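Colleague: Structure below; questions to follow.
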Amino acid sequence: MANITIEPATGDRFDDAQHALSGGGDGRGCQCQWWMITNAQWQQTSQVQRQELLRDELDAGPPPALIAYVDGEAAGWVRIGPRTTQVRLGRTRNFIGASEEAWDDETVWSVSCFVVRKEHRNQGLNAMLLEAAIAHARESGARVIEAYPLDPDAGRKIPSNELFHGVLSTFEEAGFHEVARPKPHIAIVSLDLAS
């Protein structure tokens, strides 16, 4: 059985973050900056510039994500942090009017991105990353966690590169409840950490 650990994404783990993000999907090009900058900024930055934005973010702290390790190898990533720092979330039409929480509330955190390297998929890493993200948010003073998973059972074929949002069943199994369905295949889910 594999030894799986989950650690904060800190500056000294930048190379591990790169390894986790580069194992399939859009992680290498995105550098987990999609939600962090506006669309105009996204269009004006290169992959190398986004990599430097991530490096700066990890160096500055607090950790904006967690990294899963399988037998010591960086295998997965989850972004978890205050929703107010993830500026594109508050500019996304599907989310703006559908959230139950005020967009300027810093106690509302978001899980917005998962990456698992291809060779480590189908081991339950997303569920483990989500469980660790919940604990991290709770320990950091979050009141609510919100997420925007996709529902593969909604009758629409979802390309694998869009699954960085996570899937609805993973969040439901972790205790999140659905608060809105802006599109048939997109859910907004919430977990109240105070209850």
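The values are calculated or read from the model by the stated rules, or taken from the named source; none is laboratory data. Just so we're clear, the structure is a prediction, and the values are computed from it rather than from any experiment. All Cβ positions, glycine included, derive from the backbone under ideal geometry; neighbour counts span all protein chains shown.
Colleague: Please work out which one of (1) surrounded by fewer than 17 Cβ atoms within 10 Å (Cβ to Cβ); (2) within 29 Å of A74 (Cβ to Cβ); (3) at pLDDT 95 or above; (4) in contact with a strand residue (DSSP E or B) (Cβ under 7 Å, 6 or more places away or on another chain) is the condition F176 fails and give its number.
Modeller: For F176, the failing item is (1).
Colleague: Those residues that are surrounded by fewer than 15 Cβ atoms within 10 Å (Cβ to Cβ), of a type in the set (S, T, N, Q) and under 19 Å from E162 (Cβ atoms), I need them from the stretch 1-46; list them, please.
Modeller: Listed by number, the list holds a single entry, N39.
Colleague: Output the number of the condition that R83 fails; it satisfies all remaining conditions of (1) under 17 Å from the mean Cα position of the chain (by Cα); (2) surrounded by fewer than 17 Cβ atoms within 10 Å (Cβ to Cβ); (3) charged (D, E, K, R).
Modeller: Every listed condition holds for R83 apart from (2).
Colleague: I need the full set of residues from the stretch 96-139 which are hydroxyl-bearing (S, T, Y) and within 29 Å of G24 (Cβ to Cβ), in order please.
Modeller: Residues satisfying the conditions are S110, S112.
Colleague: For the stretch 117-135, check the following and say yes or no: at least one residue is among the polar types (S, T, N, Q) and touching a helix residue (DSSP H, G or I) at 6+ places or on another chain (Cβ under 7 Å).
Modeller: yes
Colleague: For E146, indicate whether it is under 21 Å from T92 (Cα atoms) and surrounded by 15 or more Cβ atoms within 10 Å (Cβ to Cβ).
Modeller: Against the criterion (under 21 Å from T92 (Cα atoms) and surrounded by 15 or more Cβ atoms within 10 Å (Cβ to Cβ)), E146 qualifies.
Colleague: Which of (1) within 18 Å of C113 (Cα to Cα); (2) touching a strand residue (DSSP E or B) at 6+ places or on another chain (Cβ under 9 Å); (3) not hydroxyl-bearing (S, T, Y) is the odd one out, the single condition Q33 does not satisfy?
Modeller: (2)
Colleague: Working only within the stretch 54-77, note down all residues that are farther than 15 Å from M36 by Cβ and among the aromatic types (F, W, Y).
Modeller: Y69, the sole residue that qualifies.
Colleague: Can R117 be described as surrounded by fewer than 18 Cβ atoms within 10 Å (Cβ to Cβ), farther than 26 Å from R93 by Cα and among the charged types (D, E, K, R)?
Modeller: no
Colleague: Tell me yes or no: at least one residue of the stretch 74-91 is aromatic (F, W, Y) and either out of contact with any strand residue (DSSP E or B) (no Cβ under 9 Å at 6 or more places or on another chain) or more than 23 Å from L168 (Cα to Cα) (or both).
Modeller: no
Colleague: Taking the stretch 22-77 on its own, how many of its residues are hydrophobic (A, V, I, L, M, F, W, C), assigned to a loop (DSSP other than H, G, I, E, B) and without any contact (Cβ under 8 Å) to a residue 40 or more places away in the chain?
Modeller: Here the count works out to 0.
Quick grid of which residues meet (1) in contact with a Lys or Arg (Cβ under 6 Å, 6 or more places away or on another chain); (2) touching a residue at least 24 places away in the same chain (Cβ under 8 Å); (3) of a type in the set (A, V, I, L, M):
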residue	(1), (2), (3)
E100	no, yes, no
N122	no, no, no
L163	no, yes, yes
F171	no, yes, no
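Colleague: If you check P184, P152, which single one turns out to be surrounded by fewer than 19 Cβ atoms within 10 Å (Cβ to Cβ), over 27 Å from G23 (Cβ atoms) and touching a helix residue (DSSP H, G or I) at 6+ places or on another chain (Cβ under 9 Å)?
Modeller: P184
Colleague: A follow-up question, please. Residues that are more than 16 Å from C32 (Cα to Cα) and among the hydroxyl-bearing types (S, T, Y), at least 2 per element: which helices (runs of 4 or more DSSP H) completely within the stretch 78-195 meet that?
Modeller: Those helices (runs of 4 or more DSSP H) span 168-173.
Colleague: Is it the case that S99 is small (G, A, S), more than 16 Å from the chain's Cα centre (by Cα) and crowded, with 20+ Cβ neighbours inside 10 Å?
Modeller: Criteria met by S99.
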